[in-house]
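The values are calculated or read from the model by the stated rules, or taken from the named source; none is laboratory data. Source: prediction; values computed, not measured. Here the Cβ positions follow ideal geometry from the backbone for every residue, glycine too, while neighbour counts run over all protein chains shown.
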Amino acid sequence: MDLVDLIEEKHFLGQEFLAWLWYKSEERGGAVLVPEIGQDILVVFEKHMLLEYGEGEAHEKLVCRGLLTELREARAGLALGKKPEQARIRIERDDHEWSLTLKARLFEFQNVRLPKTEAGEAGGKESDDPLALEARLLDQIGLYELAVRTVDQLFRMFLEIRCGDQWPEELGRVQRWVRKGS
């Protein structure tokens with residue numbers, strides 16, 4: 001099996017992860033306890049979600065946009081068997097806040113908005129000082145890596161549940177959440 005076939009066969013995991021993460025984010029008002037870091041982080045699904053359904057020539061996509069409360073259309077789509085393919089997500093961890101679009105198929109990050117930093121807030125002027133530029137760049141790289149690591153930790157948490165004995169019970173809770181919102 002080549003890589004393309006493997007990706008196609010396993011892409012449902014990314015879709016299940018997005019649906020599960022959406023459920024987890026609403027379960028406790030956005031707070032998601034990540035055991036690996038021993039603290040809650042805030043996960044909020046924002047005003048944009050892409051759902052897909054069908055296969056082959058019957059494959060279609062549905063874009064749902066609106067304010068937080070207006071993602072009801074997307075939730076109703078889940079009840080009809082549509083699967084989340086990408087979502088706009090806001091994540092807050094410690095004193096940092098990221099906004100990003102996560103695509104389920106390849107776990108691709110798009111439109112990442114990094115937290116503001118002290119270097120970035122210092123007047124907003126570009127400095128000609130190479131050390132200041134390097135420091136700002138390294139700070140941004142570190143913040144991007146922390147965002148990726150946070151999503152990885154959430155995905156690892158999902159996989160432990162998904163591959164463990166607790167999945168049938170968790171799946172039942174997700175299904176009840178979907179039905180309640182549709």
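Quick notes on this one:
- Boolean, Ile41 is at pLDDT below 95 and either in contact with a Ser or Thr (Cβ under 8 Å, 6 or more places away or on another chain) or farther than 18 Å from Arg75 by Cα (or both): no
- Contacts under 6 angstrom Cβ, first residue in the range 145-156 being in contact (Cβ under 8 Å) with a residue 24 or more places away in the chain, partner crowded, with 20+ Cβ neighbours inside 10 Å and among the aromatic types (Phe, Trp, Tyr), 6 or more apart: Ala147/Trp98; Phe155/Phe17
- Within the range 138-182, the set of residues being acidic (Asp, Glu) and loosely packed, with under 14 Cβ neighbours inside 10 Å comprises Glu145, Asp152, Glu160, Asp165, Glu169.
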